[in-house]
Amino acid sequence: MSAAETTAAVIDPARLRVLVVDDMKLMREMASAMLRAQGIGIVETCDDGSTALAALDRLAAASLSCDLMLLDLNMPGMDGIEVLRHLADRGYEGQIALFSAESARVLRTAETLARAHNLNILGFVEKPLTDAAVADLLRKLSLGGAKAVINTAEPLSEAELLDGIRLGQIEIMVQPKVSMQTRQPIGVEALARWRHPQRGVIGAGQFIPLAENGAAAEPLFEAILGLALRAAGLWRAEGLHLQMAVNLSTANLTRLDLPQRIAAAVSEHGLTPADLVLEVTESRLIEDQTAALEVLTRLKLKGFNLAIDDFGTGYSSLEQLQRFPFEEMKIDRQFVGMAVTDQAARAIVSSSVRLARKLGMTTVAEGIENQPDWDCAAALGCDIAQGYFISAPIKPESLPGWIAAWLSRRV
């Protein structure tokens, strides 16, 4: 599951602050006009990297923040690549979108660099900027969870999250997955959100990091798993046989009693291990591979389905496939989304599909956003599709109605 697919509250564009950084005056004016046309409340512009950093300092001094920086790469003086390094050094927490007239491959490399700096990167757009591209960026911003959603200057705390779990404020939405050959719904992924009484609905991307390796890790997982299994049990009672996918955290993978606990929970809801898919992001396997290997192998022996999530974004993808007993490969949305227009991304998706087939694995194309994405992923041989073209995350009780609507839709 990418950050972009976690469920966040709907953002009021009028409350967002966007900083456009480009050395060309015409580009700054065009971007500003397009952003304001989308309802963005505050748009500021800077003509180079140094000015942009100074603007961030000014905002910080006034206890304000930038929700989105639209950053050009090729500028005289301090270029966009250097700006990324300075943003990482300053602990910049807003979102970043790269835009440039450089090739898609250069933009993709810059995006990879931004992620390596642990920056919140929405992706990139090629110049000239279009209204459709701006609208897509703002949609991704709402999915990624801009700080404006939280509606408070106070950061979230682990103690606050523990209280939220105890008070039953954690909810799930589900995002359907469908067969690319038959179009039949085959499962869903559970996506957590936090309905906070003061802060509103908070997306998982904002509170899951609080739980990683902390005191909230186990109770949060148990809450999400319980909600997911309850929903799956209710669907089963209605005659719907769909797999439920739940994400495992780093902390989960160090708990040697996890297989027994999940098996007991599944049985309690009248389900079988085959009804549950447990997703693991590549990066989470690196920290304690011995414990993770034992936990995942025992889960596999008990009959649970195991999926490697965001495939291709880690540093040892092939080693993970050889070492761990995965049967499903979820190809990361950053490759799927670019495969239509970018030859390098297309080659990565195609190679991933061929590799998965040789290993007897099923492939899931994440981030299917439109008909061209669907057509491209299908042509490359992906087995399953997930993304907004199929469905946005929905409430569990809305799934039966969605299935009826989906099956009547022509793709």
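See the values below:
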read-out: Sites ARG230 and SER179, calculated FRET efficiency, Cβ-Cβ separation with R0 30 Å, nearest 0.05; value: 0.75
read-out: In nm, spacing of pseudo-spin labels at ALA347 and ALA60 (7 Å Cα→C-beta vector); value: 4.0 nm
read-out: Farthest toward positive dipole pole in the chain [+1 Lys/Arg, -1 Asp/Glu at C-beta], among GLY203, GLY337, TRP235; value: TRP235
read-out: Principal axis box of region 345-411, alpha-carbon based, largest edge first, Å; value: 37, 24, 18
read-out: Burial ordering of PHE304, PHE311, fewest other beta-carbon atoms within 10 Å first; value: PHE304, PHE311
read-out: Ratio Rg/Rh [Cα only; Rh per Kirkwood] for region 162-280; value: 0.97
read-out: Quotient of Cα Rg and 2.2 N^0.38 Å for region 17-145, N being how many residues it contains; value: 0.94
read-out: Segment ARG298-ALA405, extension gain: residue separation times 0.36 nm, minus the distance between their alpha carbons; value: 34.7 nm
read-out: Cα-only Debye scattering, the chain: base-10 log of I(q)/I(0) at q = 0.14 Å⁻¹; value: -1.36
read-out: Nearest-ten-degree value, helix 131-144 long axis tilted from longest Cα axis of the chain; value: 50 degrees
read-out: Footprinting exposure proxy for HIS86, HIS241, HIS196 (fewest neighbouring C-beta atoms within 10 Å first); value: HIS241, HIS86, HIS196
read-out: DSSP beta bridges in the chain [antiparallel fraction, %, rounded to 5]; value: 30 percent
read-out: Using a Förster distance of 25 Å, the FRET efficiency for THR130-ASP12 (Cβ separation, nearest 0.05); value: 0.60
read-out: Ranked list, fewest to most other Cβ atoms within 10 Å of each Cβ, for GLU93, GLU397; value: GLU397, GLU93
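A short reminder: the numbers here are calculations on the coordinates, not readings from a lab. Source: prediction; values computed, not measured. Cβ atoms come from the backbone with ideal geometry, glycine included; neighbour counts cover every protein chain shown.
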